[in-house]
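Have a look at the structure below, then the notes.
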Amino acid sequence: MKRTWLIAKRECFAFFVSPIAWVVLTSWLVWSGLTYFFLCKYAAESVGAPGGGPDPLAAFFGGTMLFYIPLLFFVPVLTMRLLAGERRAGTLEPLLTAPVSAVEVVLGKYLASLVFWVTLWIPSLVYVWITSRYGSVDWGVVGASYLGIFGIGLYYMAIGLYASARASSEIVAAMLGFGGIGLLFALGIGQFMFAGSEYEEVFQYLSVLGHMENFARGVVDSRFLIFDVSVATLGVYFAIRTVELHRGAE
Amino acid sequence: MTPQTSKRVWGAGTGLLLVALVGLVNYLAFRHYDRWDFTTARLFTLSSRTEEVLTRLDRDVDVYVFLSRFDPMQRNVDELLERYKTKTRKLTVRFVDPNTEPDEFRVLAQRFGVLSGEFEGNVVADLAAVVVSGEKRWKITNDDLASVDFDSIEVDDSGASADQLVKMEQAFTGAILQVVRGRPTKICASKGHGEWTIDAGGERSLSTLKDELERDNIVFESIDLIGGAAIPEGCDALFVIGPTNAFSERETATIQAFLAAGHGVLMTLDPILEREAFQPLGLESILGPVGITAGSDVIIEINDTRRLDGELLGKFLVSDYGDHPTTRAFTRLSAPTVVRFPRSIRTTEGGDAKSILRTSPESWAETSIAQLGGTEPPSLDAEDTRGPVSIGAAAEIDGRAGARKGRLVVVGTSQWLAPAWLMQPQLVNFELASAWIGWLTERDELVSIPPRRVSREPVTMTADDVFWLFFRLVVFMPAAALFVGLAMWRSRRN
């Protein structure tokens, strides 16, 4: 476990001293800032209308496609260098010959990826604070929303990590990650195509939209938590197997 | 097979096994799940009443929902019924969209008498849902589900009005009660002595209470007890609400016999001041034997945090409910009830009657009519009773041999049943009435707290606020991140 922590710390350090981290973070802040700004603008313009406008915070946390689409791009960028980057730089082989197991390497990288994910979302606390200044905030709902976001991060990052393990370069890793996450996202759209049918619930279960829809309302559903953890487990397991196979081939 | 190949095969097998295991876990999780409501106002938690109704369900209930998938209510009805299904296996829900399943809709429309029409190119049904159990069915209209008070709509995070969520739960739980209970619970409200009427209109009307309780399969009927006329068969409880004229001995005996037969009675006895004296209402002979005394007094509340207007004889809040099965939930919530101009309703020390509503320690029961009608404010004297003063009591009465015990609830004012206060979300006037009726009629699910209304402050920003928001969120924050990144990059280079 100690080695896992060391690897995670090293990965976090390497990430945050690299320019790409700050490019990603800056882009993310611009995007999420713009999203929240437009939602507030719409809410401000809806003052006085019957029922008022939508709560910008509720809309920000999964209420619009502006939440989901960027994740298809940001997640692969965050995870592409985890293993593929090491392979490209030629540092993966020495790492695997060190007295660390593939499990420790992969778990360390995975933990680091979760730190990146959480870091992306920490600035959104400013949006929560702003909303509380101009209206009321249901802190229970906020808590549930962040739990939902963390759950999404668990399996998104695991998919990205696996893609990075499989790929020979970072670009390929990003494309594979985009493909994997995109496939799940596309499957989720089935909840709208099959609305009203017995398959709707199945697609809703697979769907990141169905996932956030509940969490953003303040409803924590055990099905989605189990889905997040189980898909994350699969992603991490296959990443470990891939690294072990790679080590075996050396 | 080489060791490497064997390793690969073993690895592939393990992988497949894990995938199968994950699939199984997800399948089980999909079928057996739980949901936790993190909202502060417990918006998505079923009320304890609904839970009680669902857990006690002993027969199959089918719910057919005819909302189109384009109808914004459909998602919330779906969410609500999902929660219902987690509480009972006896409930089956079927969504039939008239647009996408026209054949099935046609069959069900014929079966349940559902009409349809076109609206903006979509087929819509005239009913939102039908709840069926055996031969009984109950229709739920769109009006039953929608909140009509547009001025008070507050939007929750899902985009549904909080009021709407509450109305939906009331509609569906009420419908289930209607189809599973043998017959409606009947409350007979006495008339002929100046009591409150069950008709609509006027300040002394029980019509709001009547309309709300209809959802719980409770019906009201006016009965005349003049001359000691018998209380009709089929009355599950008797209401004597705010009489202004005294009951005769024969009429009182009728009520006593009703209690002895194991039924329930709710009395609200306002203090009647006439000819400079408190007038008896003739019901004291019922109260005395069970250890309850209706005082010849009026409660004065001087605690400013309890008074709702500036008058000593005006409205004030009560939140001390004693220790009784009907009021424990309110004590736990410290939920307030509004009363006005009550008299004391005390219990005898050592008796079986229990106090269920008490005023604050700063109040007192004023016995002097001269002081009540004087120009100077009343003051606490030796003859008066210092608070907390009991203004409500409940007792069980031994009945005839073989009959269950009768139940009596007495409250020292009728004003708490005023329509304006019954529907206030911050008060529990309606919930209290519902709980007492449940106890009197042995309908336990009514004793739990029914769905509540909640309110939320929407986000309001001026154009100026929005402008500065843009600057802070889209310019300043990203610029700060970029600055930190550049600084780190430069320090690394150096």
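The values are calculated or read from the model by the stated rules, or taken from the named source; none is laboratory data. The structure displayed is predicted, hence computed values, not measured ones. A quick note on method: Cβ atoms are made from the backbone with ideal geometry, for glycine too, and the neighbour counts reach across all protein chains shown. Heads up: the accessible areas ignore ligands, DNA and RNA and are worked out on the full protein's heavy atoms, side chains in. Shrake-Rupley method; radii C 1.70, N 1.55, O 1.52, S 1.80 Å.
Structural remarks
- Looking across the stretch B:326-340, just one residue is touching a helix residue (DSSP H, G or I) at 6+ places or on another chain (Cβ under 6 Å) and open to solvent by 60 Å² or more (accessible area, probe 1.4 Å), and that is B:340.
- For the stretch B:429-442, the count of residues that are modelled with pLDDT under 85 and touching a helix residue (DSSP H, G or I) at 6+ places or on another chain (Cβ under 8 Å) is zero.
- Exclusive hit being at pLDDT 90 or above and either within 14 Å of chain A (Cβ to nearest Cβ) or within 29 Å of residue A:217 (Cβ to Cβ) (or both), set B:155, B:130, B:124, B:166: B:130
- Taken together, the residues in the stretch B:21-71 that are more than 14 Å from chain A (Cβ to nearest Cβ) and not acidic (Asp, Glu) amount to 12.
- Residue-level analysis places residue A:241 among those that are at the interface with chain B (Cβ under 8 Å from one of its Cβ atoms), open to solvent by 40 Å² or more (accessible area, probe 1.4 Å), out of contact with any Leu (no Cβ under 8 Å at 6 or more places or on another chain) and modelled with pLDDT of 85 or more.
- Residue match in the stretch A:134-149 (condition: within 14 Å of chain B (Cβ to nearest Cβ), out of contact with any strand residue (DSSP E or B) (no Cβ under 9 Å at 6 or more places or on another chain), open to solvent by less than 50 Å² (accessible area, probe 1.4 Å) and charged (D, E, K, R)): yes
- Taking the conditions (1) in a loop (DSSP other than H, G, I, E, B); (2) open to solvent by 20 Å² or more (accessible area, probe 1.4 Å); (3) more than 22 Å from residue B:257 (Cα to Cα) in turn, residue B:400 satisfies each one other than (3).
- With respect to the conditions (1) open to solvent by 10 Å² or more (accessible area, probe 1.4 Å); (2) modelled with pLDDT of 90 or more, residue A:33 falls short on a single one, namely (1).
- Selection from the stretch A:150-170 of residues that are aliphatic (A, V, I, L, M) and either under 30 Å from residue B:462 (Cβ atoms) or open to solvent by 10 Å² or more (accessible area, probe 1.4 Å) (or both): A:154, A:159
- Selected residue (criterion: farthest from the other protein chains (Cβ to nearest Cβ)) from residues of the stretch A:180-200 that are open to solvent by 40 Å² or more (accessible area, probe 1.4 Å) and among the aromatic types (Phe, Trp, Tyr): A:199
- Looking across A:200, A:170, one residue alone is among the acidic types (Asp, Glu) and closer than 24 Å to residue B:34 by Cα. It is A:200.
- Taken over the stretch A:94-133, residues that are within 9 Å of chain B (Cβ to nearest Cβ) and buried (at least 18 other Cβ atoms within 10 Å of the Cβ) amount to 4.
- Residue in the stretch A:213-222 that is at the interface with another protein chain (Cβ under 9 Å from one of its Cβ atoms), under 20 Å from residue A:69 (Cα atoms), open to solvent by less than 10 Å² (accessible area, probe 1.4 Å) and modelled with pLDDT of 90 or more present: yes
- When restricted to residues that are of a type in the set (A, V, I, L, M, F, W, C), open to solvent by 20 Å² or more (accessible area, probe 1.4 Å) and assigned to a strand (DSSP E or B), the stretch B:295-325 contains 1.
- Residue check, residue A:203 out of contact with any Ser or Thr (no Cβ under 7 Å at 6 or more places or on another chain), assigned to a helix (DSSP H, G or I), more than 9 Å from chain B (Cβ to nearest Cβ) and crowded, with 16+ Cβ neighbours inside 10 Å: yes
- Of all positions in the stretch A:75-92, at least one carries a residue that is modelled with pLDDT of 90 or more, open to solvent by 20 Å² or more (accessible area, probe 1.4 Å), under 30 Å from residue A:40 (Cβ atoms) and away from chain B (no Cβ under 14 Å).
- Among residues of the stretch B:365-393, those that are in contact with a strand residue (DSSP E or B) (Cβ under 7 Å, 6 or more places away or on another chain) and part of a loop (DSSP other than H, G, I, E, B), counted: 6
Residue by residue, here is whether (1) part of a loop (DSSP other than H, G, I, E, B); (2) open to solvent by 20 Å² or more (accessible area, probe 1.4 Å) holds:
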{"site": "B:244", "(1), (2)": "yes, yes"}
{"site": "B:258", "(1), (2)": "no, no"}
{"site": "B:262", "(1), (2)": "yes, no"}
{"site": "B:265", "(1), (2)": "no, no"}
{"site": "B:281", "(1), (2)": "yes, no"}
{"site": "B:286", "(1), (2)": "no, no"}
{"site": "B:293", "(1), (2)": "no, yes"}
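- Exactly one residue out of A:235, A:177 is buried (at least 20 other Cβ atoms within 10 Å of the Cβ), within 11 Å of another protein chain (Cβ to nearest Cβ) and over 29 Å from residue B:42 (Cα atoms): that is A:235.
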